[in-house]
Amino acid sequence: MQAAPVALDQACWISATEAAATHPSTQPPTLVDVRPRSLQRAAPIARALQLELSDIASKRFLQQTPVVLVGTGLDNADVDQACRQLRQQGFAQLQAVQGGARSWQAAQAGAAAGGPLLQPLDAQTWIAALGQGMHWTVISASEAMQGAPQAQWPVPPEQLVAVQVEGKERDTKLVAAIARAYQERLQRASHAGYAQALVVITDGVVSDALRAQVEAALVPTADASKAGRSASATSTAMATLPAYWLDGGWPAYAQQVAQTAAIQQTANHRLQAPCGRL
């Protein structure tokens, strides 16, 4: 289940656009990639130190320079807590990028290089993110999820937007419904004091063509070029209300929950001592 939203320390956070801006009269910040090692290796961030959050306190040389942390965008509670503690320990110029690595990359290299706004998300990663104090909106196009008891939903009913579409125009209606829900939540999210995100859940695997249609409809902007949205518009949206598509849909989530519950149940069992042991 989603954890209660955590109010973020606004002094600890900076937009990707602001962090990427260069000023001749100021010292450029030191970029620190605090994502898991697997992500650091798979998609390294240019000119960034690769450290774990727990290692930064021992790097005293970072106290003398502006520091910008870049996380995954789904680790807000951990990064916010680390930022508060580090600032108390003398890292007075330390901040973190809102929206994490994808927002940073969009601001640095343009919307196209920053990747799609609608990001893939596996069930295991999402379940872990539910404990990070983010306020999640679920757009459910899954009949299985909507038919499940509310006690099994990962978010309260008021955070669920149920989409029910049928007929030949099903995909078109689904795209329009998701885009409307995203726009509505995007306007609300800018006024919240905590991190928000949105995830689309279906009944299974979704075609690349449908994903592309949803991506194209999510955040139309007045200043977008013919080639796509501007980098600043994309990075702002990524930071304010990142959007995800749950890989495998509701079946993948339900399966991951069942596996986790089985592991926990097994872990709680006491091992039997071998026969004859004193």
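Computed over segment 144-190, the Cα gyration tensor eigenvalues convert (square root of 5λ each) into semi-axes of 21, 19, 5 Å, ordered from largest to smallest.
Relative to the compact globular guide of 2.2 N^0.38 Å, what is the alpha carbon radius of gyration of segment 1-91, as a ratio?
On the way: Rg = 13.6 Å, N = 91, 2.2 N^0.38 = 12.2 Å.
For segment 1-91, the normalised Cα radius of gyration comes out at 1.11.
Multiplying the residue separation of Ala162 and Gln85 by 0.36 nm and removing their Cα-Cα distance gives an extension gain of 23.7 nm. At full extension, Lys59 and Arg41 could sit 4.4 nm farther apart than now, given 0.36 nm per residue minus the alpha carbon distance. All Cα-Cα separations within segment 14-58 were binned at 10 Å from zero, giving a P(r) of 24, 45, 28, 3, each value a whole percent of the pairs. Backbone amide hydrogens, once placed in the peptide plane, bring Trp245 within less than 5 Å of Gln119, Leu121, Val200, excluding anything fewer than 5 places away on its chain.
For Gln259 and Gln187, what does the FRET efficiency come to when R0 = 30 Å and r is the distance between their Cβ atoms, rounded to the nearest 0.05?
Details: r = 37 Å, r/R0 = 1.24.
Given R0 = 30 Å and the Cβ-Cβ separation, E is 0.20.
If you stretched the chain out fully between Asp203 and Glu52, how much longer would it get, using 0.36 nm times the residue separation minus the C-alpha to C-alpha distance?
Working: separation 151, 0.36 × 151 = 54.36 nm, distance 3.63 nm.
Result for the pair: 50.7 nm of gain on full extension.
Other residues whose C-beta falls under 15 angstrom from the C-beta of Trp126 contribute a net charge of -3, scoring Lys and Arg +1 and Asp and Glu -1. Of the residues Val79, Trp136, Ala92, the one whose Cα sits farthest toward the positive end of the charge dipole of segment 1-150, with +1 on the Cβ of Lys and Arg and -1 on the Cβ of Asp and Glu, is Ala92. Between Asp9 and Thr26, the modelled label-to-label distance comes to 1.9 nm, taking each label 7 Å out from Cα in the direction of the beta carbon.
Where a number appears in this text, it was derived from the coordinates with a stated rule and is not lab data. As the structure is a prediction and not an experimental result, all values here were calculated from the model. Here Cβ is always computed from backbone atoms with ideal geometry, including for glycine, and neighbour counts include all displayed protein chains.
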